[in-house]
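Chemist: I have a structure here, written as structure tokens, and I will follow up with some questions on it.
The values are calculated or read from the model by the stated rules, or taken from the named source; none is laboratory data. Model, not experiment: these values are computed from the prediction. Glycine also receives a Cβ, built like all others from the backbone with ideal geometry; neighbour counts cover every protein chain displayed. Heavy atoms of the whole protein, side chains included, go into the accessibility calculation; ligands, DNA and RNA do not. Shrake-Rupley method; radii C 1.70, N 1.55, O 1.52, S 1.80 Å.
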Amino acid sequence: AALVAPELAGLRGLVFLGYPLHPPGKPDQLRDAPLFQVHKPMLFIQGEKDRFARLDLLKKVLGQLNGDVRLHLIAEGDHSFKVPRRTGRRYQQVLEEVVATVVEWISQRSGVF
């Protein structure tokens, strides 16, 4: 989405569900360049334990972006937002959190969208 976003007329914002910042186990191979070309609001929903985006690196990249950028973390979630059974949360509950976060984010920008 970030690669084609600058070419899309009428684009008002982007929602990233598990942004693949780097290949698993290869945090030195960042895939952040396309993000710097997007000048629209961006919401990143990310699992805290996502092997495709080391959290410290993601926070650093997002901190370098200009504009309306928000990060919502799924506690103990992986790349697909699945959480360990010990959390007591079912996958359906996590997905409901994701949907509610997206709806809230869009609603807060009702003048933009």
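Chemist: Any residue in the range 85-98 that is crowded, with 16+ Cβ neighbours inside 10 Å, within 18 Å of residue 2 (Cβ to Cβ) and not hydroxyl-bearing (Ser, Thr, Tyr)?
Modeler: no
Chemist: I'd like the full set of residues that are in contact with a strand residue (DSSP E or B) (Cβ under 8 Å, 6 or more places away or on another chain), assigned to a helix (DSSP H, G or I) and buried (at least 17 other Cβ atoms within 10 Å of the Cβ), limited to the range 51-61.
Modeler: Residue satisfying the conditions is 58 alone.
Chemist: Could you list, in sequence order, the residues of the range 97-113 that are farther than 17 Å from residue 46 by Cβ and assigned to a helix (DSSP H, G or I)?
Modeler: Keep residues of the range 97-113 that are farther than 17 Å from residue 46 by Cβ, which gives 103, 106-113.
Of everything in the range 97-113, those that are farther than 17 Å from residue 46 by Cβ and assigned to a helix (DSSP H, G or I) turn out to be 103, 106, 107, 108.
Chemist: Any residue in the range 62-75 that is open to solvent by 70 Å² or more (accessible area, probe 1.4 Å) and within 17 Å of residue 1 (Cα to Cα)?
Modeler: no
Chemist: When you look at residue 44, is it assigned to a loop (DSSP other than H, G, I, E, B) and of a type in the set (A, V, I, L, M, F, W, C), yes or no?
Modeler: Numbers: assigned to a loop (DSSP other than H, G, I, E, B): no; of a type in the set (A, V, I, L, M, F, W, C): yes.
No, not satisfied.
Chemist: Could you go through the range 71-87 and let me know if any residue there is touching a residue at least 60 places away in the same chain (Cβ under 8 Å) and among the polar types (S, T, N, Q).
Modeler: Looking for residues that are touching a residue at least 60 places away in the same chain (Cβ under 8 Å) and among the polar types (S, T, N, Q), one finds at least one in the range 71-87, hence yes.
Chemist: Return the only residue of 7, 48 being surrounded by fewer than 19 Cβ atoms within 10 Å (Cβ to Cβ) and within 13 Å of the chain's Cα centre (by Cα). Walk me through it before giving the result.
Modeler: Numbers: 7 fails: within 13 Å of the chain's Cα centre (by Cα).
Exactly one residue qualifies, and that residue is 48.
Chemist: If we scan the range 75-83, do we find a residue that is farther than 21 Å from residue 62 by Cβ and among the aliphatic types (A, V, I, L, M)?
Modeler: yes
Chemist: I would also like to ask the following. Name the single residue, out of those in the range 14-45 being farther than 12 Å from residue 79 by Cα and in contact (Cβ under 8 Å) with a residue 60 or more places away in the chain, that is most open to solvent (accessible area, probe 1.4 Å).
Modeler: Checked the range 14-45; the qualifying residue most open to solvent (accessible area, probe 1.4 Å) is 15.
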